[in-house]
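K.L.:
Please find one structure pasted underneath; my questions will follow.
The values are calculated or read from the model by the stated rules, or taken from the named source; none is laboratory data. Note that the structure is a prediction, hence the values are computed from the model and not measured. Positions of Cβ are backbone-derived with ideal geometry, glycine not excepted, and every protein chain shown enters the neighbour counts. Just the protein is used for accessible areas: all its heavy atoms, side chains included, with ligands, DNA and RNA removed. Shrake-Rupley method; radii C 1.70, N 1.55, O 1.52, S 1.80 Å.
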Amino acid sequence: MTKNRKLAIWMDHSHAVIMELTSGPIMQHTILSEFTNEERENSISKSEVLMHNKEQHQQATYFKKISEMIIDIDELLLFGSTEAKDEFVNLLKTNHLFDKIKIEVANVDVMSENQMHAYVRDYFKHILE
């Protein structure tokens, strides 16, 4: 992947769809969170404190994987229907490695892959012109 990249990430707490706008098709990569609903139910049956600690640890791992994908980009669009994007952007703001990235956050409904791609192309349309 090249410098001067512009990425968009649709995310919730279970997965993130990372999309890189190119002159051709959008390049896409998905990162899954390890903390599933099934794991939540198993943890709750043992201990709510254990579940909360495990969830925090796995969320930190999930956010770290995403942040590794954006370390050298110039512009980032975070969008989605949950608070995960807001939690992630707050984490990015605490790390000076991400100070030079222009970050925009948008609330949107759940989208299909085609809808996500159209949204990203529309958002970054000034780049393609």
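K.L.:
Tally up the residues in region 45-63 that are open to solvent by 90 Å² or more (accessible area, probe 1.4 Å) and either modelled with pLDDT under 65 or in contact with a Ser or Thr (Cβ under 6 Å, 6 or more places away or on another chain) (or both), please.
P.N.:
Adding up the residues that qualify gives 5.
K.L.:
On to the next question. Could you list, in sequence order, all residues of region 66-87 that are within 15 Å of Leu32 (Cβ to Cβ) and either without any contact (Cβ under 8 Å) to a residue 40 or more places away in the chain or among the hydrophobic types (A, V, I, L, M, F, W, C) (or both)?
P.N.:
Ile66, Glu68, Met69, Ala84
K.L.:
If you go through region 21-32 one residue at a time, how many are open to solvent by 40 Å² or more (accessible area, probe 1.4 Å) and either among the polar types (S, T, N, Q) or not in a strand (DSSP E or B) (or both)?
P.N.:
Looking only at that region, the number is 4.
K.L.:
A follow-up question, please. Kindly list the number of the only condition in (1) open to solvent by less than 90 Å² (accessible area, probe 1.4 Å); (2) at pLDDT below 90; (3) of a type outside the set (Gly, Ala, Ser); (4) closer than 23 Å to Arg121 by Cα that fails for Thr36.
P.N.:
Condition (4) is where Thr36 drops out.
K.L.:
Condition first: touching a strand residue (DSSP E or B) at 6+ places or on another chain (Cβ under 9 Å), part of a helix (DSSP H, G or I) and surrounded by 12 or more Cβ atoms within 10 Å (Cβ to Cβ). Now tell me which residues in region 86-129 satisfy that. Can you show your working first?
P.N.:
We begin by selecting, within region 86-129, every residue touching a strand residue (DSSP E or B) at 6+ places or on another chain (Cβ under 9 Å); these are 86, 88-89, 92-93, 98, 101-108, 110-111, 113, 116-117, 119-120, 123-124, 127.
Narrowing the set further to residues that are part of a helix (DSSP H, G or I) leaves 86, 88-89, 92-93, 98, 113, 116-117, 119-120, 123, 127.
Those that are touching a strand residue (DSSP E or B) at 6+ places or on another chain (Cβ under 9 Å), part of a helix (DSSP H, G or I) and surrounded by 12 or more Cβ atoms within 10 Å (Cβ to Cβ): Asp86, Phe88, Val89, Leu92, Phe98, Glu113, Met116, His117, Tyr119, Val120, Tyr123, Ile127.
K.L.:
Select, from Ile9, Ile18, Ile66, the only residue that is closer than 21 Å to Leu97 by Cα, in a helix (DSSP H, G or I) and at pLDDT 90 or above.
P.N.:
None of the others qualify; the one that does is Ile66.
K.L.:
So, one more: For the structure I just gave you, tell me whether Asp72 is outside any helix (DSSP H, G or I) and open to solvent by less than 90 Å² (accessible area, probe 1.4 Å).
P.N.:
So Asp72 passes the test.
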